[in-house]
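Heads up: the structure comes next, in structure tokens.
The values are calculated or read from the model by the stated rules, or taken from the named source; none is laboratory data. Computed from a predicted structure; not experimentally measured. When we count neighbours, we look across all protein chains shown, and the Cβ atoms used for this are built from the backbone with ideal geometry, even at glycine.
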Amino acid sequence: MGVAGSGKSTLGKLFAEIAGATFYEGDDFHPAENIAKMRSGIPLTDVDRERWLQRLRETIAGALAREEFSVLACSALKAKYRDTLAAGDPRVRFVHLTGPPALLKERLTSRPGHFMPPSLLESQLAILEPPPDALVIHCEEPPQEIVAGLLQELGLRAV
């Protein structure tokens, strides 16, 4: 979890590949209206996010029911969003990716074709409620190093 540009997709995919998990991209679950709104530079509201969060929750519930080791990359910026996603299940863990706003903005500026414009970063930072119980990872290091540290922190091995 984390704001745009923190490396959720890059690190999530790499972590899943190395750890032998299934990767789910949270952006793939957004309704078309949400994508259009963000592409236009309009921040999403809690109401906009409801259907998206429910789709993500259903995906998490399915993975848990199958006992599937999985990674879901999504912003999960507010405590109530994370509450919806976890639904009280202690098997759901959050890793909060964070970094300096200048680096995040630079990353957003350099990724062409993505629907999330750099102008929305400030709105995400403004509503971010850092989770007190998440594992916090700073995203400045190279992805391979971050994933190696994350595996070690979680007591996991590469497959």
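Quick check: is even one residue across the stretch 72-92 modelled with pLDDT under 95, outside any helix (DSSP H, G or I) and among the basic types (K, R)?
So the first thing to find is which residues in the stretch 72-92 are modelled with pLDDT under 95, and the list is none.
No: zero hits.
Pull out all pairs, ordered by first then second residue, where Cβ-Cβ is under 6 Å, the residues are six or more apart or on different chains, the first lies in the stretch 137-159 and is under 15 Å from K13 (Cβ atoms), and the second is of a type in the set (S, T, N, Q).
From residues that are under 15 Å from K13 (Cβ atoms), the pairs are C139/S6; P143/T10.
Which of the helices (runs of 4 or more DSSP H) contained wholly in the stretch 95-159 include at least 3 residues that are surrounded by 13 or more Cβ atoms within 10 Å (Cβ to Cβ) and touching a strand residue (DSSP E or B) at 6+ places or on another chain (Cβ under 9 Å)?
Details: elements: 101-109, 121-127, 143-154.
Hits in the stretch 95-159: 143-154.
With the requirement that a residue be of a type in the set (G, A, S), under 20 Å from R82 (Cα atoms) and outside any helix (DSSP H, G or I), what does the stretch 11-68 give you?
none
Okay, residues lined up against (1) at negative phi; (2) touching a residue at least 40 places away in the same chain (Cβ under 8 Å); (3) more than 17 Å from the chain's Cα centre (by Cα):
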{"site": "S40", "(1), (2), (3)": "yes, no, yes"}
{"site": "L44", "(1), (2), (3)": "yes, no, no"}
{"site": "R49", "(1), (2), (3)": "yes, no, no"}
{"site": "R55", "(1), (2), (3)": "yes, no, no"}
{"site": "T59", "(1), (2), (3)": "yes, no, no"}
{"site": "A65", "(1), (2), (3)": "yes, no, yes"}
{"site": "A79", "(1), (2), (3)": "yes, yes, no"}
{"site": "T84", "(1), (2), (3)": "yes, no, no"}
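How many of the residues in the stretch 112-133 are of a type in the set (D, E, K, R) and either touching a helix residue (DSSP H, G or I) at 6+ places or on another chain (Cβ under 7 Å) or in contact (Cβ under 8 Å) with a residue 24 or more places away in the chain (or both)?
Going through the stretch 112-133, the residues of a type in the set (D, E, K, R) turn out to be 122, 129, 133.
Next, from what is left, pick out any that are either touching a helix residue (DSSP H, G or I) at 6+ places or on another chain (Cβ under 7 Å) or in contact (Cβ under 8 Å) with a residue 24 or more places away in the chain (or both): 129, 133.
Number satisfying all stated conditions: 2.
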